[in-house]
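Colleague: Let me give you the structure first, and then I'll get to my questions.
The values are calculated or read from the model by the stated rules, or taken from the named source; none is laboratory data. Treat the numbers as computed from the prediction; the structure is a model and nothing was measured. Cβ atoms come from the backbone with ideal geometry, glycine included; neighbour counts cover every protein chain shown.
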């Protein structure tokens, strides 16, 4: 384990009706905000009305930026920056899933940046010290963006999906009302479950083998996903299952199971290529990439970690042969994704030819050297081929 | 699950040498602090010297209050308040385990209170809005006080050990350097492991049965204690084991596995009676009380939770009879405590007669109605009798 500093300052308001708590938090910073959201779902699930009510009650005026797409695009960021500047807004409220929250962060980090926002995003972090405070109202459990420092923004013209990260982007407060996620369709609910599990995997499979407290808590989070994810998918108004998925999502990515681990991530960068070229659903892309990646990196150097995963998470008999445990664990992971309706091949994602494999793998040729198992272009190609 | 607001603002600096980060954090608040510590161990394990170095480097002057006893006493709180007032100090650095940190919190919450500090403590929370910032340098993994809102103070004259809690008492930053705990004797290391497990139990055994994410992460924390606790006890300079115990300690008590659960605690109040009358080591007292409490409350109403505990934490065969699983889980808990050198009877704690049982149970007659299983005086008496 490496030394680390960990800070999780977001104030979390959890439960039915908790959006009412938000206005007071915002009023401590500003009385003029940008409200960022996606499609019409936030108007159907009640989140929009609840946020309007708490803003009004606390004397906060707002300007709206709706229509944020999944894999939020740089064009929306530009639009939000313009609205903030024109209307002299002092904060941003994101209402939705990770896309709206990520978009809000990218806007917040660039309103007071005099250069081009895409340049700052490509540099990976804000290029100004003056950041607008972000407040998040979550309607879909997946990215953990509501309590972390990351935003991921896509530029479809350049086929780039890239991360923009800094502690200053961590939301000031977050509302998690599980009832808002009742109307999330099964497919996106399942994609969220996969995303949460993938965030856990990205840190669990680590070169540091001594993160015992981290890894046992990570296993608990994975088990919660495996137990309650299918309930949320099949029984969408089950409060406890929706609550479990919302509650577990931030803790596997806001640092608790990651801090002190040095590895770069593996599956997310590969999936980001798929999203950047094909605009696929992020969680669905991860469901395709993850089992293929696991099989590709399974070796004498990694088998013990897979055994730990298989025995502790999937309760596979610890007395079996190591590789049998490891392969069974990977098979079970893939079967689980299928069981909740996720694709596990690229063809199912709608990618029916290999034309861009070389280009996508080439983009990652030099960026996965720090992953759990270092990978080059050939590794990415092999993972995509096996997932086809 | 109940609605809740959760905030964990403490900035955690984790790892060898991380005390060097503290001075800068303190300097943002004050340049004059009270340094609170226990016996000579902080001078032997390097923590004292490291804190002095970071204070000097950041131009911070300090006054010392050493000699804080375990089960910190109200007299030390009075002394600290006096030192802060006489020397116009603007913050408190606690160096040690939970006792020093708890004492620092009680001082911090009363320096600007014009009334008597014990009166405020008996009211359960600060009676003034002006609280000094607290900074914690942890040398012993146990109470989680370094990242939570609680302090427990004893008044041996009145035989009262009571909690003083508020969000304003949460430390601003905490240093966890696992090497500081290398010199903690096996007995106190083990007592810390029991304390961490007990904090987990107090929330895990809850009337709310739908805290799926909470409970799976709690089980992970318990497994980490069971796996790495004995390593820390038997191989005291094992960095990874010391790190795991330090790291897991705050998360089971700072809210993540508790938020949204309504129950009051069970074993801690009973142990606080033992400490208040006999000044026993808190973790050792919990090792005695916990298995006895578990056996006392096992019933048709609770057996399913014990089955969950037994199967998920102790890996007991889920196909066995429910009560067999539950009783085996309790036996294994008790055996585990014994295996790390903890007492499991009151006699081993040095309490060799029952003279005060009635008085201690009487003190709790009306305060455990909100526990996981509501208890009255007779229940406490039965638990003490069975633990004798």
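Colleague: What do you reckon, is residue B:80 touching a residue at least 12 places away in the same chain (Cβ under 8 Å) and part of a loop (DSSP other than H, G, I, E, B)?
Modeller: Details: touching a residue at least 12 places away in the same chain (Cβ under 8 Å): yes; part of a loop (DSSP other than H, G, I, E, B): no.
Against the criterion (touching a residue at least 12 places away in the same chain (Cβ under 8 Å) and part of a loop (DSSP other than H, G, I, E, B)), residue B:80 does not qualify.
Colleague: Go through the range A:1-76 and tell me which helices (runs of 4 or more DSSP H), entirely inside it, have 3 or more residues that are buried (at least 23 other Cβ atoms within 10 Å of the Cβ) and touching a residue at least 40 places away in the same chain (Cβ under 8 Å).
Modeller: A:47-57
Colleague: Do we have any residue at all in the range A:122-129 that's buried (at least 24 other Cβ atoms within 10 Å of the Cβ) and part of a helix (DSSP H, G or I)?
Modeller: Taking every residue of the range A:122-129 in turn, none turns out to be buried (at least 24 other Cβ atoms within 10 Å of the Cβ) and part of a helix (DSSP H, G or I).
Colleague: Right, another one. Scan B:27, B:20 and give me the residue that is over 24 Å from the mean Cα position of the chain (by Cα) and more than 19 Å from residue B:147 (Cα to Cα).
Modeller: On the way: B:20 fails: more than 19 Å from residue B:147 (Cα to Cα).
That would be B:27, the only listed residue that is over 24 Å from the mean Cα position of the chain (by Cα) and more than 19 Å from residue B:147 (Cα to Cα).
Colleague: Say whether the condition of being in the same structural domain as residue B:160 (by TED's automatic domain parsing) and surrounded by fewer than 17 Cβ atoms within 10 Å (Cβ to Cβ) is met by at least one residue in the range B:94-103.
Modeller: no
Colleague: If I ask for residues that are facing chain A (nearest Cβ under 8 Å), surrounded by fewer than 24 Cβ atoms within 10 Å (Cβ to Cβ) and at pLDDT 95 or above, which ones from the range B:181-219 would you list?
Modeller: Matches in the range B:181-219: B:212 only.
Colleague: For the range B:1-15, give me each residue that is at the interface with chain A (Cβ under 7 Å from one of its Cβ atoms) and either closer than 18 Å to residue B:48 by Cβ or in contact with a helix residue (DSSP H, G or I) (Cβ under 9 Å, 6 or more places away or on another chain) (or both).
Modeller: If the condition is that a residue be at the interface with chain A (Cβ under 7 Å from one of its Cβ atoms) and either closer than 18 Å to residue B:48 by Cβ or in contact with a helix residue (DSSP H, G or I) (Cβ under 9 Å, 6 or more places away or on another chain) (or both), then B:1, B:3, B:4, B:5, B:7, B:8, B:9, B:11, B:12, B:13, B:14, B:15 are the ones that fit.
Colleague: Residue B:339 is checked against (1) surrounded by fewer than 18 Cβ atoms within 10 Å (Cβ to Cβ); (2) under 27 Å from residue A:223 (Cα atoms); (3) within 24 Å of the chain's Cα centre (by Cα) and fails just one. What number does that condition carry?
Modeller: (2)
Colleague: Let me ask something additional. Before we move on, is residue B:199 assigned to a helix (DSSP H, G or I), touching a residue at least 24 places away in the same chain (Cβ under 8 Å) and over 23 Å from residue B:334 (Cβ atoms)?
Modeller: No: the conditions fail for residue B:199.
Colleague: Cβ-Cβ below 6 Å, separation at least six or inter-chain, first residue in the range B:226-251 and more than 14 Å from residue B:337 (Cα to Cα), second modelled with pLDDT of 95 or more and surrounded by fewer than 24 Cβ atoms within 10 Å (Cβ to Cβ): which pairs?
Modeller: B:236/B:182; B:237/B:182; B:238/B:231; B:241/B:231; B:244/A:212
Colleague: Test each condition in (1) in a helix (DSSP H, G or I); (2) more than 10 Å from chain A (Cβ to nearest Cβ) for residue B:228 and report the one that comes out false.
Modeller: Failed condition: (2).
Colleague: Next question. Give just the number: which of (1) over 23 Å from residue A:332 (Cα atoms); (2) away from chain B (no Cβ under 14 Å) does residue A:246 not satisfy?
Modeller: All conditions pass for residue A:246, except number (2).
Colleague: So which residues in the range A:365-387 are outside any loop (DSSP other than H, G, I, E, B) and free of Cβ contacts under 8 Å to residues at least 60 places away in the same chain?
Modeller: A:377, A:378, A:381, A:385, listed by residue number.
Colleague: Could you check the range B:228-287 and list, in sequence order, the residues that are surrounded by fewer than 20 Cβ atoms within 10 Å (Cβ to Cβ), out of contact with any helix residue (DSSP H, G or I) (no Cβ under 8 Å at 6 or more places or on another chain) and under 23 Å from residue B:205 (Cα atoms)?
Modeller: Those that are surrounded by fewer than 20 Cβ atoms within 10 Å (Cβ to Cβ), out of contact with any helix residue (DSSP H, G or I) (no Cβ under 8 Å at 6 or more places or on another chain) and under 23 Å from residue B:205 (Cα atoms): B:262, B:264.
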